[in-house]
1. Hey, what does the equivalent ellipsoid look like for the stretch 1-49, semi-axes from the Cα gyration tensor as sqrt of 5 times each eigenvalue, largest first, whole Å?
2. Kindly list the residues of the stretch 278-303 that lie in the label zone of Ala177, defined by a backbone N under 14 Å from the point 7 Å along the Cα-to-C-beta vector.
3. With charges set only on the Cβ (+1 for Lys and Arg, -1 for Asp and Glu), what does the dipole of the stretch 47-151 come to about its Cα centre, in debye to the nearest 20?
4. Tell me, what HN-Hα J-couplings in whole Hz come from the Karplus equation 6.51 cos²θ - 1.76 cosθ + 1.60 at θ = phi - 60° for each residue of the stretch 270-275, using x for Gly and Pro?
5. Once the Cβ-Cβ distance between Thr326 and Val104 is put in as r, and R0 is 25 Å, what FRET efficiency do you end up with, to the nearest 0.05?
6. Whose amide H sits under 5 Å from the amide H of Val94, counting only residues 5 or more places off or on another chain, with H placed in the peptide plane?
7. Enumerate the amide H contacts of Ser185 below 5 Å, restricted to partners 5 or more residues apart or on another chain; note that Pro and chain-start residues carry no placed amide H.
8. I'd like the Karplus ³J(HN,Hα) series for the stretch 32-37: coefficients 6.51, -1.76, 1.60, θ = phi - 60°, whole numbers in Hz, and an x wherever there's a Gly or Pro.
Amino acid sequence: MPQFPSRFPLAHLPTPLEPLPRLSHALGVRLFVKRDDQTGLAGGGNKTRKLEHLTAEALAQDADTLVTVGAVQSNHCRQTAAAAARAGLRCVLVLSGHPPSSGVTGNLLLDYLLGAEVRWAGDRPRDAVYREVVEAERAAGRRPYAIPLGGSTALGAAAYAAATLELKAQLDAQGLAFNRIVFASSSAGTQAGIVVGARLAGLRSQVLGISVDLPAPALQGLVARLATETAARLGAPHTCAPDDIAVNADYLGAGYAVMGAPEREAITLFAQIEGLLLDPVYTGRAAAGLIDLIRRGVIGPDETVLFWHTGGAPALFAYSDQLTPTPDH
């Protein structure tokens with residue numbers, strides 16, 4: 001049996017597994033959603049599961065500060081700030097670029113409300129600034145616990161191995177099986193955990209990550225390496241090769257966090273047909289890929305597909321000018 005690490009309780013688990021009947025009818029494929037947008041911590045999202053393990057380790061190491069890194073509208077940073085607040089820890093976030101010139105909104109607003117201290121990378125490489133901030137915290141006599149991008153370590157990814165066992169219990173209870181499990185993939189932790197969990201649970205579903213920023217070979221390599229490390233950490237060693245990892249990188253559009261017409265359509269479709277909120281960066285792009293794969297017949301009408309919703313709705317407010325209907329609509 002796998003040996004899962006200690007948790008600091010943050011998430012509302014299990015998250016719901018729900019059918020999407022109206023979207024299924026509209027697209028012609030039987031669709032379900034795993035609602036990790038409802039993990040419950042300051043707007044929810046997939047990082048809350050990972051942060052249960054990471055925060056537990058930080059407390060076990062007597063840390064007094066969580067330090068992490070991300071983009072301006074990082075869901076991970078928002079959830080890290082909330083986890084720190086719940087655990088009574090300081091939080092320092094290293095964010096890309098410069099402070100916004102007009103208005104603080106979306107995840108960044110929540111970062112500040114949650115008490116995080118923000119350090120801006122400016123024109124310098126973000127990871128270099130992140131490392132400097134960690135060292136500066138130590139030099140100041142504090143005890144920082146450093147969380148890399150997305151919380152994507154073997155410890156963090158273990159949470160998604162557990163989540164996949166949670167899913168398996170729901171499938172057994174409802175008499176369901178999925179041909180594919182589709183979700184947004186970027187820093188590799190969520191996909192690595194699901195890959196390991198699917199093997200532990202005996203699931204035969206394709207575990208398909210829709211890349212939001214990396215070419216397929218790069219992301220496959222990251223996921224394979226992290227999945228191998230995660231399996232070893234759980235005491236269930238298994239070597240994953242890049243060719244074992246299913247990634248589709250056909251939907252990168254104009255780049256990371258640049259919302260185009262496919263993301264806008266997916267966000268609108270999910271909202272207006274199922275009342276389900278996606279975000280412009282991750283779930284919107286993954287859903288756009290899912291919709292296109294269905295329309296092109298890559299995913300056939302006889303399949304049953306799970307869309308694993310990883311959260312991110314607070315970022316919608318940072319894209320309000322691109323999502324607000326024009327007067328003639």
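Readers should treat all values here as calculations from the given coordinates under stated rules, not as data from a laboratory. A quick note: this is a predicted structure, and the numbers were derived from the prediction, not measured. Positions of Cβ are generated from backbone atoms using ideal geometry, with glycine treated the same way; all protein chains shown enter the neighbour counts.
1. Over the Cα atoms of the stretch 1-49, the ellipsoid semi-axes are 29, 14, 7 Å.
2. 303
3. Working: 13 positive and 11 negative charges, 35 e Å.
Magnitude of the dipole: close to 160 debye.
4. Each residue of the stretch 270-275 in turn: 5, 5, 7, 9, 10, x Hz.
5. On the way: r = 25 Å, r/R0 = 1.02.
With R0 = 25 Å, the Cβ-Cβ based efficiency is 0.45.
6. For Val94, the qualifying residues are Thr68, Val69, Gly70, Arg119.
7. Placed amide hydrogens put Ile210, Ser211, Val212 under 5 Å from Ser185.
8. Coupling constants for the stretch 32-37: 10, 10, 9, 8, 7, 6 Hz.
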